[in-house]
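Since the structure comes first, as structure tokens, the remarks are kept for the end.
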Amino acid sequence: MSGETILQFFGFLLPAVVTGIVAFYFFKLHTRNEEGRRRFLLQKDSQKNTLPIRLQAYERMALFLERMAIPSLVVRVAPKSSDKNDYESLLIKTIENEFDHNLSQQIYMTDECWNIIKAAKSATVQMIRKAAMSETDSADKLREDILTETMDKESPSATALSFVKKEIGELW
């Protein structure tokens, strides 16, 4: 083979290689775009299915927070005896039972939201325990003390509920 034949061979080969490289680049770009589109559609479908479940979880936790609010709790849960310790235990047990009933909702919420709800529950229990440490001698008097002590303060459940509402607003 002469130098001219080799040069002619590369002259024919060069356009084919350039065309192959361009075709490969466009094929790779097209494949990446299709994969992104499929991922977006899958995520959109998934979100369409999970959004109602997430909203239901937030709704249940809002209901829990409303039911755990001291005024609501004390009005709803009446003392069964005149013993203040029994009433304190009954209030705390009511909160714990409702919390346990809604424990599974945490998988649909952010960690921050769930931690705020747990902190509100703990703070409410502490408020009840603090009121029970007073010199109160009956369950009805404890009930009054709990309401009086918490009347001027914003309840922990109200703070948590406003956070839940804010987080729900971010879902839209």
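The values are calculated or read from the model by the stated rules, or taken from the named source; none is laboratory data. Computed from a prediction, not measured in an experiment: that's the story for all the values here. Here the Cβ positions follow ideal geometry from the backbone for every residue, glycine too, while neighbour counts run over all protein chains shown. SASA here: full protein model, heavy atoms, side chains in, ligands and nucleic acids out. Shrake-Rupley method; radii C 1.70, N 1.55, O 1.52, S 1.80 Å.
Relative to the present Cα-Cα distance, how much length would full extension add between residue 22 and residue 107 at 0.36 nm per residue of separation?
Going from the current span to full extension adds 25.9 nm.
If I model a spin label as a point 7 Å beyond the Cα along the Cα-Cβ vector, how far apart are those points for residue 51 and residue 83 in nm?
Once both label points are built, they end up 5.3 nm from each other.
What angle, in degrees between 0 and 90 and rounded to the nearest 10, separates the Cα long axis of helix 156-171 from the longest principal axis of the Cα atoms of the chain?
Roughly 20 degrees, rounded to the nearest 10.
When the scattering of segment 80-172 is computed by the Debye formula from its Cα atoms alone, each counted once and equally, what is log10 I(q)/I(0) at q = 0.12, 0.16, 0.26 Å⁻¹?
So the normalised log intensities work out to -0.45, -0.72, -1.31.
How large is the accessible surface per residue of the chain, computed with a 1.4 Å probe and reported in Å² as a whole number? Working shown, then result.
Numbers: 11770 Å² over 172 residues.
With the other protein chains kept in place, the chain gives 68 Å² per residue.
Picking from 24, 40, 99, which is most flexible by a Gaussian network model of the chain using Cα springs under 10 Å?
24
Between residue 151 and residue 44, what is the spin-label point distance in nm, taking each point 7 Å from the Cα along the Cα→C-beta axis?
5.6
Test of understanding: what is the full-extension gain from residue 165 to residue 93, defined as 0.36 nm times their sequence separation minus their Cα-Cα distance?
On the way: separation 72, 0.36 × 72 = 25.92 nm, distance 2.64 nm.
Gain on extension, residue 165 to residue 93, equals 23.3 nm.
Using a 1.4 angstrom probe on heavy atoms only, work out the carbon and sulfur share of the accessible area of segment 11-53 in %. Let's see the in-between values first.
Working: 2760 of 4010 Å².
Using a 1.4 Å probe with all protein chains present, segment 11-53 comes out at 69 percent carbon and sulfur.
In segment 69-100, whose amide N lies under 14 Å from the spot 7 Å out along Cα-to-Cβ of residue 140? List them in ranges.
78-84
Where does the Debye-calculated log10 I(q)/I(0) of the chain sit at q = 0.08, 0.09, 0.13, 0.18 Å⁻¹, using only Cα point scatterers of equal weight, no solvent?
Relative scattering, expressed as log10 I(q)/I(0), comes to -0.45, -0.50, -0.75, -1.08.
Among 71, 15, 79, which one moves the most in a GNM of the chain with springs linking Cα atoms closer than 10 Å?
For the chain, modelled as a Gaussian network with Cα springs under 10 Å, the answer is 15.
Please give every one of the aspartates and glutamates within straight-line cross-link reach of residue 118, meaning a C-alpha to C-alpha distance under 20 Å, and leave out same-chain neighbours fewer than 8 residues apart.
Filter leaves 59, 66, 88, 96, 98, 100, 154, 167.
Select from 142, 116, 82 the residue farthest towards the positive end of the dipole of segment 52-146; place +1 on Cβ of Lys and Arg, -1 on Cβ of Asp and Glu, and compute about the Cα centre.
It is 116, whose Cα lies furthest towards the positive end.
Could you work out the relative contact order of segment 24-172? I mean the mean sequence separation of Cα pairs under 8 Å and 6+ apart, divided by the number of residues, in percent. Before the final figure, lay out the partial values.
On the way: 113 pairs, mean separation 49.0, N = 149.
Normalised by residue count, the contact order of segment 24-172 is 33 percent.
Return one number: the angle in degrees, 0 to 90 and rounded to the nearest 10, between the long axis of the Cα atoms of helix 3-68 and the longest principal axis of the Cα atoms of the chain.
Orientation of helix 3-68: about 10 degrees from the principal axis.
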